[in-house]
Amino acid sequence: MRVRTRFAPSPTGYLHIGGMRTALYAYLYAKQHGGDFILRLEDTDRERLVGDAAQIIYDSMKEAGLCYDEGPDVGGDYGPYIQSERRDIYMKYAEQLIESGDAYYCFCTKERLEEMHASGATKYDKHCLSIPLEEAKRRVAAGEQYVIRQNVPENGEYTFHDLVFGDVTVPYADLEDNVLIKSDGLPTYNFANVIDDHLMGITHVIRGVEYLSSTPKYDLLYRALGWEPPAYMHLQPIMRDARHKLSKRYGAASYKDFINKGYLKDAIINYIALLGWSPKDNTEKFDMAYMLENFSVDGLSRSPSIFDEAKLRWLNGEYIKELTDDEFYAHALPFLEQVDYLKGLDLKYLSTLLHSRCLSFADVGPSECFKDMRTEDDLSVNLTEFVTAADKLTPDMFVHAKNKTDAALARDMLPDLIKLTEERWNDLYPALEEYAAAKGVKKGAVLWVYRIGITASPVTPGGATEMATLFGKEETLRRLNAALELLSRQ
Ligand code: GLU
């Protein structure tokens, strides 16, 4: 049997991280078994809103390396792969179920259903099941509005096997006679998933745990149509915290959101793989090749996982370390370009200074600038704020116990530092070293005074002369002179 799995998102305009994880596991499972991975868009719930929303899904999946063998934009032998384009397929199966007594026409009005629910009913009461089939067909032919419902047994229970949850038993009493075909002639998810998965030859259905308890209904449909149900793998959700699912309402939740927050696609895929699956050897950082080798169903979790952005940041930092300076620059540039006060600086040079210090590309700006892109813990990260901090210079910033510096020493040294900057710009570092030796102070003292003088920041992404190089000779002199002026006023 050739393994075939599918990812079946609704084109909502963004690819939720939970959906992407489902896609990843389905992809891994298919590819591990030498099988096919299929993309199917389930758009029958809404007005045909495919367009852009579909494109976001195609692009995100391909970018993340989840290449599907068949799908709306790549074709395949089992198409169409967009549900609304399959609308003519479903009716004949629904009619077959009606003939076998596994489904029935229902003419209940909205008002009747509302009354039924208002009087305490929790599920449809099978009212229309008693209409003789010939009469129901006459009413349909006469143009009366109808839906088609599944006829679920009233007594007994159904047991099926799930590869994650083991044997699952659901009493029929918990199940409702759901609508299979809506009054507009389109199938509901409850029907389309069965027909599509069967006709597309899907052998393993991997999807969210919210469908676990409905699975007996789907199996009944497969059997009524004389088909073998697929194997199932239901996945627990990804949570924001113990009580809430990760959702768009509470900030980032889609693949693109995390890309925009400055995470690398490989880090995102790596991290979401860990949300619900643990490799036997507990490795945390791995690539697609590792996952293809090591993914296994018995490592899938039966409980929900919590999205921990601090952990994603850590992992992303590990990936960032592996980038070359050029790659880092290419990723960081769009973020650097958004920071006004960096305009005019050599961003390439700045990015090499920032490379070893960033956990996400959003770190390259001031804390305010990328506020929405950071986690709460990260708001203190301000790797470039030194550029503007010089205005906030105060004399006490020169105090450094270990270097034995203070404002008085700084005032004494600054005229010399200005002179050295003017005369020895091209070999500034050795010039400062020689100066320290001649003056009988620590090299650290000279570098500290220099760096505080031009940045007013105790923490900067590079040393004194690197900061000077970044600003350029003219700006560095302007800053040193401003520092001297400030100290001379004291
Ligand atoms: N369209 C459904 C969803 O997005 C698909 C569920 C499934 O994979 O069967 O939840």
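The values are calculated or read from the model by the stated rules, or taken from the named source; none is laboratory data. Worth saying up front: this structure is predicted, and the values here are computed from it rather than measured. Methodologically, a virtual Cβ is constructed for each residue, glycine included, from the backbone with ideal geometry; neighbour enumeration extends over all protein chains shown.
Sort out which residues of region 113-134 are among the aliphatic types (A, V, I, L, M), modelled with pLDDT of 95 or more and part of a loop (DSSP other than H, G, I, E, B), and write them in order of number. If the condition is that a residue be among the aliphatic types (A, V, I, L, M), modelled with pLDDT of 95 or more and part of a loop (DSSP other than H, G, I, E, B), then Ile131 is the only one that fits. If you go through region 479-490 one residue at a time, do you hit one that is without any contact (Cβ under 8 Å) to a residue 60 or more places away in the chain and of a type in the set (D, E, K, R)? Taking every residue of region 479-490 in turn, at least one turns out to be without any contact (Cβ under 8 Å) to a residue 60 or more places away in the chain and of a type in the set (D, E, K, R). Being crowded, with 19+ Cβ neighbours inside 10 Å, under 23 Å from Tyr172 (Cβ atoms) and within 14 Å of the ligand (Cβ to nearest atom): is that true of Tyr218 here? Yes, satisfied.
If you filter region 165-182 down to residues that are of a type in the set (Asp, Glu) and outside any loop (DSSP other than H, G, I, E, B), you find that the one that is nearest to the chain's Cα centre (by Cα) is Asp167. Of the numbered criteria (1) assigned to a helix (DSSP H, G or I); (2) under 28 Å from Ser296 (Cα atoms), the one Phe191 fails is (2). Among the residues of region 449-463, those identified as within 42 Å of the chain's Cα centre (by Cα) and part of a helix (DSSP H, G or I) are Arg451, Ile452, Ile454, Thr455.
Checking each residue in region 1-55 for being away from the ligand (no atom under 12 Å from the Cβ), over 26 Å from Phe258 (Cα atoms) and at pLDDT below 95 picks out Met1, Glu47, Arg48. Residues in region 93-108 that are within 15 Å of Ile181 (Cα to Cα) and either β-branched (Val, Ile, Thr) or in a loop (DSSP other than H, G, I, E, B) (or both): 4 in all.
Restricting attention to region 122-146, the residues that are among the hydrophobic types (A, V, I, L, M, F, W, C) and touching a helix residue (DSSP H, G or I) at 6+ places or on another chain (Cβ under 9 Å) add up to 4.
Residue pairs whose Cβ atoms lie under 8 Å apart, sitting 6 or more positions apart in sequence or on different chains, and linking a residue in region 1-29 that is without any contact (Cβ under 8 Å) to a residue 60 or more places away in the chain and more than 19 Å from Ser296 (Cβ to Cβ) to a partner that is small (Gly, Ala, Ser) and assigned to a helix (DSSP H, G or I), are Pro9/Gly19; Pro9/Ala23; Pro11/Ala53; Pro11/Ala54; Thr12/Ala53; Gly13/Ala53. Of the listed requirements (1) assigned to a loop (DSSP other than H, G, I, E, B); (2) away from the ligand (no atom under 16 Å from the Cβ); (3) under 34 Å from the mean Cα position of the chain (by Cα), Gly185 misses just one: (3). Within region 436-490, being over 19 Å from Ala401 (Cβ atoms), among the polar types (S, T, N, Q) and surrounded by fewer than 23 Cβ atoms within 10 Å (Cβ to Cβ) holds for Thr465, Thr469, Asn481, Ser488, Gln490.
What number of residues within region 1-34 satisfy the criterion of being among the polar types (S, T, N, Q) and closer than 16 Å to Ala289 by Cα? Of the residues in that region, 1 qualify.
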